[in-house]
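Chemist: Have a look at this one.
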Amino acid sequence: MSTAKKLAPGSVMAGNDLRQSVEISDDDRTVATAEVTTSEGSGGTARVSLRAEPGHITPGRRASLVDAVLDLPEVQESARVEAAFRLGDGESLHRLQERCEDVSVHPAGWSALVEANLPASRAGHHVPA
């Protein structure tokens with residue numbers, strides 16, 4: 001069973017930025033995590049670092065992580081998202097392309113950097129896989 005949770009101890013205010021951690025578990029094993037930084041107020045940019053554990057991960061878990069991040073109220077208040085994840089993580093990229101607008105992708109070493117606009121009418125309106 002897959003579960004997503006926002007880690008309250010990982011929520012820290014740094015200046016005007018809020019830093020949060022999100023994790024996806026599969027059978028009591030953490031398989032994917034995200035570090036999310038958002039600015040106070042609406043209309044800013046959410047910065048996200050997505051990480052998946054090495055080895056086999058059940059299909060859909062990386063997409064669930066993207067959904068959990070994009071469903072955070074602080075991210076929903078943002079206008080844009082900048083995400084970084086391992087180059088070759090097509091599942092995370094595909095979910096970002098499904099849920100965001102004007103997506104651009106740039107390789108950077110071992111990472112893919114994604115810049116995208118968040119749709120204005122996004123509050124919990126995603127279609128699960």
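None of the figures in this text is laboratory data; all of them are computed from the coordinates on show. Keep in mind that what you see is a predicted model, and the values were worked out from it rather than measured. Glycine gets a Cβ as well: all are built from the backbone with ideal geometry, and neighbour counts include every protein chain shown.
Chemist: Can you compute the modelled spin-label distance between Ala120 and His56, with each label point 7 Å from Cα toward Cβ, in nm?
Modeler: Modelled inter-label distance: 4.6 nm.
Chemist: Placing one identical point scatterer on every Cα of segment 21-60 and ignoring solvent, what is log10 I(q)/I(0) from the Debye formula at q = 0.17, 0.34 Å⁻¹?
Modeler: Here log10 of I(q) over I(0) equals -0.54, -1.18.
Chemist: Per q in 0.11, 0.12, 0.14 1/Å, what log10 I(q)/I(0) does a Debye calculation on the alpha-carbon atoms of segment 15-114 return?
Modeler: -0.30, -0.36, -0.49
Chemist: Quick check: pseudo-label points 7 Å beyond the Cα along Cα→Cβ at His94 and Ser21, how many nm apart are they?
Modeler: Using points 7 Å along Cα→Cβ, the separation is 2.9 nm.
Chemist: What ranking do 89-96, 112-119 get when scored by the average of other Cβ atoms within 10 Å per residue, highest first?
Modeler: Values: 89-96: 19.1, 112-119: 17.0.
Top to bottom by mean Cβ count within 10 Å: 89-96, 112-119.
Chemist: What residues qualify as long-range amide H neighbours of Leu87, i.e. H under 5 Å apart, gap of 5 or more or another chain, H built at 1.01 Å from N?
Modeler: Close amide H contacts, sequence-distant or interchain: Ser111, Ala112.
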